[in-house]
Amino acid sequence: MIPAAVNNVLPSQGATHSKPELLIFTGMRFGLMQTKVGLVSLLSKYQLSVSKKTPIPVVFDPRTNILSPKGGMWLQIRKRIE
C-alpha cells in the first residue's frame, strides 16, 4: 500500500535524502577515519615522550568535564631517525 503523500512529491524533490541522520552518521564516520589516519601519520613520523614539565604521578583535575591532568600534559616531539 503506497501512502497518499507519495503522490504529492514533485520529481525534483525525489533526489533529496529522506533520512538526514544517515548523512550525519556518514560524516561522523569519515571524521573518525580522518582522525585515525592523521594519528597514524603523526606517530609514524615522530616520537612522543613525556616532558619534564609533566608532574608524575599524574593527578587528574576534578573540575573539568573531560579527563585531563592538572597542569596539562606536556609532551616532547622528536622526529624519528630512520
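The values are calculated or read from the model by the stated rules, or taken from the named source; none is laboratory data. Computed from a predicted model, the values in this text were never measured in an experiment. All Cβ positions, even for glycine, are placed from backbone atoms using ideal geometry, and neighbour counts span all protein chains on display.
Summary table
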item: Positions within the range 27-51 being modelled with pLDDT of 90 or more and more than 23 Å from the chain's Cα centre (by Cα), in sequence order; result: none
item: Selection count, the range 27-70, where residues are in a loop (DSSP other than H, G, I, E, B) and over 30 Å from I81 (Cβ atoms); result: 11
